[in-house]
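To start, the structure under review is shown below, and the notes come after it.
The values are calculated or read from the model by the stated rules, or taken from the named source; none is laboratory data. Since we're looking at a predicted model, the values are computed, not measured. Here the Cβ positions follow ideal geometry from the backbone for every residue, glycine too, while neighbour counts run over all protein chains shown. These area figures cover heavy atoms from the full protein model, side chains too; ligands, DNA and RNA do not enter into them. Shrake-Rupley method; radii C 1.70, N 1.55, O 1.52, S 1.80 Å.
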Amino acid sequence: MKALTFSTFGDSDVLEYIEIPNPELKSDEILVEMKAIGLNFADVYRRKGNYHLKGNPPFIAGYEGAGIIVDANNHPEYKVGDRVAFADVPFANAEFVAVNTNHVLPLPEAISFETAASILLQGLTAHYLATDSHKTAKGETILIHAVAGGVGQILTQISKLLGANVIGLTSSSDKAKVAFEQGADHVFLYNNDWKSDVLKIIPNGVDVVYDSIGSTLMDSFEITKECGQVVFFGMAGGDPAPVDPRMLMDGSKTLTGGDLWSYLNSKEERIKRANQLFQWIIEGKITLSTPTSFKLSEGKLAHDYIESRKSTGKIILIP
């Protein structure tokens, strides 16, 4: 089979599209022929050598995608030709992937392979943020950092679906337009005095801030109301400053950490959460912008594009 690989760490030039042996199935695995694969910043970090990575050189990144079962490996609940997807299976940047049966997500006919590869990691992240890290209630006001990013767009839609008012932060007027299209009520730019802008709208502060930037964590607390919450789930802008517990106590504020893998902890949880996303899409309650597609053989171009920060929607790879 062909796979997008790298044997050394570095920029996109280290990527190689080469022929390697098909996966050898373990007893608890099935073989999936990939039809669409999600590209994420974590794959860039893996290529650079600063993120967890499984296997030995040539390394294969990728954890998210969708395809068709070509070998059910004697598992009676699956059959050749079944449409399936996954959000947390390594070595996805290949024509064939060995998928542990606990990680298999049945794919409804109404959900395309491209949609599944576009929604799962970012959509499941947005889902747990809005329903577990903070249980969004009708009438709340929430603030989302990087609102035009993949998670931000879906989190905006889920939050509106649950009855919240959404304030977004982003870096450009073009990205602000994208956020408004997703349903955001207000959008402010980072290079303006966004904290003052937020407090003009809601003087007592917002109910919850979703912070995926990291370096903005203390700013997030400044615009959070008393008894409010900050959910910290990423460090796109660098490590946050240490948090003083006295500050939390004095304002009765809460800091919550968020990581998707804490919630995708069983086959049942994976399927239940994915099915909720799929149902919202089928019902038209969540809509996705059309993903930018690259051939898997054009992996270098795809990596260059995601690193350019020019994209606002999902980038997928097609074998």
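Divided by 2.2 N^0.38 Å, where N counts the residues, the Cα radius of gyration of the range 31-83 comes to 1.42. With one equal scatterer per alpha carbon and no solvent term, the Debye-computed log10 I(q)/I(0) for the range 1-136 at 0.13, 0.16, 0.22 1/Å reads -0.57, -0.84, -1.31.
Computed over protein heavy atoms with a 1.4 Å probe, the accessible surface of the chain works out to 44 Å² per residue.
For the range 162-174, the Karplus equation 6.51 cos²θ - 1.76 cosθ + 1.60, evaluated at θ = phi - 60°, returns couplings of 8, x, 8, 8, 10, 10, x, 10, 7, 9, 8, 5, 4 Hz by residue, with Gly and Pro reported as x. Under a model in which nothing but the beta-carbon of Lys, Arg (+1) and Asp, Glu (-1) is charged, the range 227-313 shows a dipole of about 260 debye around its Cα centre.
Pairs spanning more than 29 Å between alpha-carbon atoms, out of Lys48/Lys195; Lys48/Lys225; Lys135/Lys285; Lys177/Lys253; Lys35/Lys79; Lys79/Lys310: Lys48/Lys195; Lys48/Lys225; Lys177/Lys253; Lys79/Lys310.
Helical content alone sets the calculated 222 nm signal of the chain at -8500 deg cm²/dmol, taking -39,500 (n - 2.57) per DSSP H segment of four or more residues and averaging over every residue. Rounded to the nearest Hz, the phi-derived 3J(HN,Hα) couplings of the range 63-75 under the Karplus curve 6.51 cos²θ - 1.76 cosθ + 1.60 (θ = phi - 60°) are 9, 9, x, 8, x, 10, 5, 10, 8, 7, 6, 6, 8, where x marks glycine and proline. Close amide H contacts of Val209 (hydrogens built in the peptide plane, cut-off under 5 Å, sequence separation of 5 or more or a different chain): Leu143, Gln229, Val230, Val231. Coupling constants for the range 210-225 follow from the phi torsions by the Karplus curve (6.51 cos²θ - 1.76 cosθ + 1.60, θ = phi - 60°), and in residue order they are 9, 10, 10, 8, x, 5, 9, 4, 5, 4, 4, 5, 5, 9, 9, 5 Hz; glycine and proline get x.
As a size descriptor, the averaged projected area of the C-alpha convex hull of the range 168-319 was calculated at 11.6 nm².
The Cα center of the range 92-125 and the Cα center of the range 1-68 differ in position by 15 Å. Here the range 121-189 has 52 percent of its accessible surface on carbon and sulfur atoms, given a 1.4 Å probe and all protein chains in place. For the chain, a simple Cβ point-charge model (Lys and Arg +1, Asp and Glu -1, everything else neutral) yields a dipole of about 380 debye relative to the Cα centre.
Estimated at 0.36 nm per residue, the fully extended path between Asn56 and Val243 surpasses their Cα-Cα distance by 63.5 nm. Rounded to a whole number, what % of the accessible area of the range 269-311 do carbon and sulfur atoms account for, probe 1.4 Å? Of the solvent-accessible surface of the range 269-311, carbon and sulfur hold 49 percent. Ser289 sits with roughly 50 Å² accessible to a 1.4 Å probe, with DNA, RNA and ligands left out of the calculation.
Amide H to amide H distances under 5 Å link Thr292 with Lys314, Ile315, Ile316, where only residues 5 or more positions off or on other chains count and H is placed in the peptide plane. Taking Cα centre as origin and charging only the Cβ of basic (Lys, Arg, +1) and acidic (Asp, Glu, -1) residues, the dipole magnitude of the range 84-148 rounds to 240 debye. A cut-off of 5 Å between modelled amide H atoms, ignoring neighbours fewer than 5 places along the same chain, links Lys35 with Ala66, Gly67, Ile68.
Ordered from highest to lowest accessible area with the whole protein assembly present and a 1.4 Å probe, Ile154, Ile68 read as Ile68, Ile154.
Translational diffusion of the chain, estimated by Stokes-Einstein from the Kirkwood radius over alpha carbon pairs at 10 °C in a medium of 1.306 mPa s, is 78 µm² per second.
Normalised by the number of residues in the range 21-110, the average gap of Cα pairs under 8 Å and 6 or more apart makes the relative contact order 36 percent.
Computed over the Cα atoms of the range 163-210, the ratio of the radius of gyration to the Kirkwood radius (Rg/Rh) comes to 0.95. For Thr256 and Glu24, what does the FRET efficiency come to when R0 = 41 Å and r is the distance between their Cβ atoms, rounded to the nearest 0.05? FRET efficiency, Thr256 to Glu24: 0.50. The smallest convex shape that holds all Cα atoms of the range 131-256, its convex hull, gives 94 Å³ per residue.
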